[in-house]
Amino acid sequence: MSTSRTCLIFSTLTLFLIASAFADDVVVLTEENFEEEVGQDRGALVEFYAPWCGHCKKLAPEYEKLGASFKKAKSVLIGKVDCDEHKSLCSKYGVSGYPTIKWFPKGSLEPKKYEGARTAEALAEFVNNEGGTNVKIAAVPSNVVVLTLNNFDEIVLDEKKDVLVEFYAPWCGHCKNLAPTYEKVATAFKLEEDVVIANVDADKYKDLAEKYGVSGYPTLKFFPKSNKAGEDYDGGRDLNDFVSFINEKCGTSRDAQGQLTSKAGIVEALDSLVEEFVSATNEEKNVVFKRIEEEADKLKGSTARYGKIYVKAAKSCLDKGSDYAKNEVQRLERMLAKSISTAKADEFTLKKNILSTFASDQ
C-alpha cells in the first residue's frame, strides 16, 4: 500500500476515534480528571462500578438513559468511575460494593450516597431535587425490530434480508444484561438495508419459541438470506463479537460505532482492474475502463451500488486527469471532518474508499 493511501486511512481512523470518544453521554471519570470535573461549578452524580458486576450491567442502560437526558443540563454532570481501573479513587470515597452511586454537590467533594431505586426515572428525580433542575427522562428510540406473530415470517423469512433474532423473556436476568449491547448492535447496522437486528418475547409467543427449538434465554438465531431455517448463534456476546459476526456473514464493513471501515465499498474484482487502470497508458485506460463497466454490470444487491461508484470514479479520472482521484479524496476527508449526518458520512466514506484505490502511487 502506498504511503499516501496509508496516511489517508490513518487520518480517517483518527477522526472516527475522536468522534466515538464524544459519543457517550455519561462522563468517564478517572484519577486524573475527577477533581477537574467533580466538586467544581456543577453538581455531579457519580456511579462507582466494576465491569464484571452483574448489577452494574443491569443498571447500565438506565444510567446511559439518565446521561442522555441530562446532557444539556449545564448545572449537572452524570459520570462514572471504573473501580477496577481506579481502585484508589474508589477507596478514597469509601466504595465497597458495586454499583455505588453518590451525589457531589456543587463546589464540594463531600458526597451523599444515593439509596433509591436504580431506574432512570428515580435517579432523575433525585438529581432534580439535589441539583435544582427539572429534567425529564428522554424517550430513547430503539433500533431493534420487535417481532410478533403478525410480522415474524414477513421480516425473518424475507430472502432479501439477513436477520439476527434474539428470543428473550422479560424476567430473564441474562436478557436484561444483554439488552444494552444488543441495542448498540442494532444501532451500528441501522443504515444497512439488508441487515435486521430483531428480538421476540418468547415468553409471550411460546409457539414461535417451540417452533425454533428455543429452551433457554436468551437464545440467538441467525436467519441469512440463504437459510431461512435459521442457524444458532454461538459467538461471544460483546459488541465487537456481534459486529465481527455480522460483517463476516453479511458482507458489511461497520465498526462498533456503526461507522464504515476503510474496507467498505471495496470490490476485489474491480480493485484488480483499478490497478491495471492506474498503471495503464492513456490509450490503454479506455480499454480497461470498458472492462470495469462490464464487471460492475455483473454486481447484484448492495455491491451494485459500489460498482456504480467505481465506474463514475474511473470516468472522472479519464475526463479530469490523474490528479482527480487524489484531490477528490482530500476533499472528502475535509467533508468527513465536519459535523455531518450518518447517511452523508456513509456516502462520503464509500466514495473516499473507492477513490483511494485510484489515487495510489503509480
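With the structure loaded, tell me whether GLY107 is without any contact (Cβ under 8 Å) to a residue 60 or more places away in the chain, at positive phi and open to solvent by 30 Å² or more (accessible area, probe 1.4 Å) or whether it fails that test. Here the answer is no, as GLY107 does not meet what is asked. In the range 307-317, what residues are buried (at least 19 other Cβ atoms within 10 Å of the Cβ) and either within 13 Å of LEU350 (Cβ to Cβ) or among the polar types (S, T, N, Q) (or both)? Within the range 307-317, GLY307, ILE309, TYR310, ALA313 qualify. Do we find that GLY173 is without any contact (Cβ under 8 Å) to a residue 60 or more places away in the chain and surrounded by fewer than 20 Cβ atoms within 10 Å (Cβ to Cβ) in this structure? Here the answer is no, as GLY173 does not meet what is asked.
Filter the range 225-272 for residues that are within 16 Å of the chain's Cα centre (by Cα), of a type in the set (A, V, I, L, M) and farther than 26 Å from GLU154 by Cα and give the result. Within the range 225-272, LEU239, ALA256, LEU260, ALA264 qualify.
Of all residues in the range 53-73, those being charged (D, E, K, R) and touching a Lys or Arg at 6+ places or on another chain (Cβ under 7 Å) number 2.
Is it the case, given these coordinates, that SER69 is at pLDDT below 95 and surrounded by 17 or more Cβ atoms within 10 Å (Cβ to Cβ)? Give the derivation first.
Working: at pLDDT below 95: yes; surrounded by 17 or more Cβ atoms within 10 Å (Cβ to Cβ): yes.
Considered against the rule, which asks whether it is at pLDDT below 95 and surrounded by 17 or more Cβ atoms within 10 Å (Cβ to Cβ), SER69 comes out as yes.
Of everything in the range 125-142 that's part of a loop (DSSP other than H, G, I, E, B) and free of Cβ contacts under 8 Å to residues at least 24 places away in the same chain, which residue is surrounded by the fewest Cβ atoms within 10 Å (Cβ to Cβ)? So the residue we want is PRO141. All of (1) assigned to a loop (DSSP other than H, G, I, E, B); (2) under 30 Å from LEU77 (Cβ atoms) hold for GLY216 with one exception: (2).
Within the set LEU29, LEU59, the sole residue that is modelled with pLDDT of 95 or more, open to solvent by less than 70 Å² (accessible area, probe 1.4 Å) and touching an Asp or Glu at 6+ places or on another chain (Cβ under 9 Å) turns out to be LEU29.
Residue-level check: of (1) in contact with a helix residue (DSSP H, G or I) (Cβ under 6 Å, 6 or more places away or on another chain); (2) without any contact (Cβ under 8 Å) to a residue 40 or more places away in the chain; (3) open to solvent by 90 Å² or more (accessible area, probe 1.4 Å), ALA269 misses just (3). Once the range 331-345 is narrowed to residues that are open to solvent by 80 Å² or more (accessible area, probe 1.4 Å) and either at pLDDT 90 or above or in a helix (DSSP H, G or I) (or both), the residue that is farthest from PHE358 (Cα to Cα) is THR342.
The values are calculated or read from the model by the stated rules, or taken from the named source; none is laboratory data. Model, not experiment: these values are computed from the prediction. Every residue, glycine among them, receives a Cβ derived from its backbone with ideal geometry; neighbour counts consider all protein chains shown. Surface areas here come from the heavy atoms of the whole protein model, side chains and all, with no ligands, DNA or RNA. Shrake-Rupley method; radii C 1.70, N 1.55, O 1.52, S 1.80 Å.
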